[in-house]
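Every read-out reported here was derived from the displayed coordinates using simple, explicitly stated rules and does not represent laboratory data. Small disclaimer: the values here were computed from a predicted structure and weren't measured. Quick reminder, even Gly has a Cβ in these numbers, built from the backbone with ideal geometry, and neighbours come from all protein chains shown.
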Amino acid sequence: MSRPLEESPYAFTVPPLVEAVPAARDRVVDRARRLGLSLGEELIHDLKLLTGELVANSVTHTKAACVVCVRLAGERLRVEVTDADPTSVTPAQALSTDEHGRGLSLVAALATEWGSNPCTAGKITWFELAIPTSTKQAAPLTSSQGDVPAERAIVTCAGSAHLAVAEAVPIADVHPRVEHQAA
């Protein structure tokens with residue numbers, strides 16, 4: 001018996017390198033397509049931009065690996081980034097001359113909804129994008145190299161359905177930095 005797509009999360013670990021961000025963006029878009037979503041160019045652009053912002057913030061500020069989870073949440077595509085820093089994030093008030101500090105403002109502007117929640121590993125920063133019903137296809141979920149079966153996923157936050165890869169999550173043993181700045 002197959003699971004509903006909402007119960008079939010896909011998670012992968014991103015190494016603590018800014019150079020790993022483009023590959024993470026591409027994996028998220030690939031997963032959205034394999035969930036049967038036919039995404040338009042604007043939605044793909046937003047998905048890549050928002051994913052890139054959250055992953056870049058995570059690896060830049062924690063200097064540690066993070067875990068990205070992608071799944072459908074009702075009529076929305078949800079992307080979660082779990083990292084070792086327990087400090088919740090908020091958009092910065094960047095000046096026009098600042099080189100950094102606008103990333104979370106972009107997330108807030110483009111995402112249908114977004115947030116940051118503490119969890120046992122540190123925190124989960126997430127966003128959701130509304131998926132127009134016309135973009136959903138009846139395509140079956142296909143697997144690829146790197147997929148994480150639900151049986152190998154673990155709950156990272158008490159009482160929630162946020163999932164991460166069991167053996168690929170080294171972030172629980174990392175000593176998080178207490179200081180965090182939103183980029």
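Restricting to region 11-30, what's the tally of residues that are over 19 Å from Ile124 (Cα atoms) and of a type in the set (D, E, K, R)?
Residues meeting the conditions: 3.
If you go through region 21-54, how many residues are without any contact (Cβ under 8 Å) to a residue 60 or more places away in the chain, surrounded by fewer than 17 Cβ atoms within 10 Å (Cβ to Cβ) and small (Gly, Ala, Ser)?
1
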